[in-house]
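The values are calculated or read from the model by the stated rules, or taken from the named source; none is laboratory data. Owing to the predicted nature of the structure, the values given are computational and were not obtained by experimental measurement. Here the Cβ positions follow ideal geometry from the backbone for every residue, glycine too, while neighbour counts run over all protein chains shown. The area values use the complete protein model at the heavy-atom level, side chains included, leaving out ligands, DNA and RNA. Shrake-Rupley method; radii C 1.70, N 1.55, O 1.52, S 1.80 Å.
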Amino acid sequence: MTTPRAFLRCPHCDTAAVVRTSVLHSKLLRESLLQCRNALCGHTFSAYTEIVRTVSPSACPSGDICLPISSPAERAALSTGGAEKPMPPAKARR
């Protein structure tokens, strides 16, 4: 059995795209160069993958990484499949 893999789709023809190469900009940011698998489309594009928040804390945290903790509402949305909708930015507590 194969495990499902995360992938991006071509913004033009909606076909799955394959990562050809990537560059690590920081521990939290990677830029990937992708190519559409549809030979008739052939679109090549770049995308950023960024780690933006913690859903479950690490058992061995790194001192140089500081990520906000997800709110219970954000965790509930992720577990019910609501991740497609962008979450509004968290308001600072005073």
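Got at least one residue in the range 69-79 being out of contact with any His (no Cβ under 8 Å at 6 or more places or on another chain), under 22 Å from Leu24 (Cα atoms) and outside any helix (DSSP H, G or I)? No; the residues of the range 69-79 include none that is out of contact with any His (no Cβ under 8 Å at 6 or more places or on another chain), under 22 Å from Leu24 (Cα atoms) and outside any helix (DSSP H, G or I). Just to be sure I understand, how many residues within the range 14-27 are open to solvent by 50 Å² or more (accessible area, probe 1.4 Å) and assigned to a loop (DSSP other than H, G, I, E, B)? Qualifying residue count, the range 14-27: 2. Scanning the range 47-66 for residues that are open to solvent by less than 70 Å² (accessible area, probe 1.4 Å), assigned to a strand (DSSP E or B) and among the polar types (S, T, N, Q) yields one hit, Thr54. Examine the range 65-77 for a residue that is modelled with pLDDT of 95 or more and in contact with a strand residue (DSSP E or B) (Cβ under 6 Å, 6 or more places away or on another chain), and state whether such a residue exists. No, there is no match, as no residue in the range 65-77 is modelled with pLDDT of 95 or more and in contact with a strand residue (DSSP E or B) (Cβ under 6 Å, 6 or more places away or on another chain).
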